1. Match the structure shown to one of the listed values (i) 1.06; (ii) 1.42; (iii) 1.03 of Rg/Rh (Cα atoms, Kirkwood Rh), computed from it, and give that label.
2. Mind sorting 169, 288 by how few other Cβ atoms lie within 10 Å of their own Cβ, fewest first?
3. Out of 160, 87, 55, any idea which swings most in a Gaussian network model of the chain, alpha carbons joined below 10 Å?
4. In what order do 294, 329 fall by count of nearby beta-carbon atoms within 10 Å, going from fewest to most?
5. Report the FRET efficiency, 1/(1 + (r/R0)^6), for residue 272 and residue 246, where r is their Cβ-Cβ distance and R0 is 22 Å, rounded to 0.05.
6. Helix 67-78: angle to the longest alpha-carbon principal axis of the chain, degrees 0 to 90, nearest 10?
7. Using the Kirkwood radius built from alpha carbon pairs, what does the Stokes-Einstein equation give as D for the range 105-177 at 10 °C and 1.306 mPa s, in µm² per second?
8. Between the range 198-241 and the range 128-172, how many Å separate their Cα centres?
């Protein structure tokens, strides 16, 4: 029986697909690969038809909804890159800092046909696309006297789950210099991260973190050159089952009244201090190991079915979402 060819873990960070051109940013073993595929570079070879057949279904589509088609195209694109992936020097996943995760060494290639063979050709004369994807250019107006800035090199990436790979996956947990494990929230959504930062500063100012089970923001993760905000460093809530969306929590009916009262109290105190939670739904209520309810995520927005669009990020919307969860959703 033939042994399957070894391929290290690869994570796609960004991509656009189409029959004329595709561009993929993938990370493998702590190295960023910018991969270009152009139909023009495949002319006169059987690879052109192969590529168009794989890429055409993904043209102008939300490719996240068609994982099988994406996987098929990526398998084809990665074929000439396998030797490069396999030649990468293994790195200790316990030594990956947030700085290294966001600013890894990079290799830029284009997939071409040379002497009838599909080949990954190095490219040195083109700029990378999306070099600061998932970052926010820093402005002093974002600064808070209550929330310190933390250098990304002082935060070590930690696997959030047993199958996570810090050498290629987007970080979700970090360890501080003093050994404390924290939750890391990246800047994928600029408006939400800035709202969370503004709300967190007000919560610190009013001293509400001490008396409420709300995930506190401990710091702003910054690039080492201080030019970019990479994300927020928050409490890591110790939990067995996660958020209220989990069936095993929803089924614990004997805790429903307790959780409802705890969340009601948190919303009441926030509103008394003119703070709106803003995105009320079961996924933003976390149950800790003591079976107590925490409120998380102050980035705003709304989930249809819990808060009407016209009430998003309002006090009335908070109560609408609360009633929907504890008077209807949790009982079904």
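Laboratory data are not the source of any read-out in this text; all were calculated from the coordinates shown. Computed from a prediction, not measured in an experiment: that's the story for all the values here. Cβ: placed from backbone, ideal geometry, glycine included. Neighbour counts: every protein chain shown.
1. So the structure-derived entry is (iii).
2. Numbers: 169 19, 288 14.
Going from least to most buried by this count: 288, 169.
3. 87
4. 329, 294
5. E(calc), rounded to 0.05, equals 0.15.
6. That works out to roughly 40 degrees.
7. Details: Rh = 16.6 Å.
Taking Rh from Cα pairs, D becomes 96 µm²/s.
8. The range 198-241 and the range 128-172 have Cα centres separated by 13 Å.
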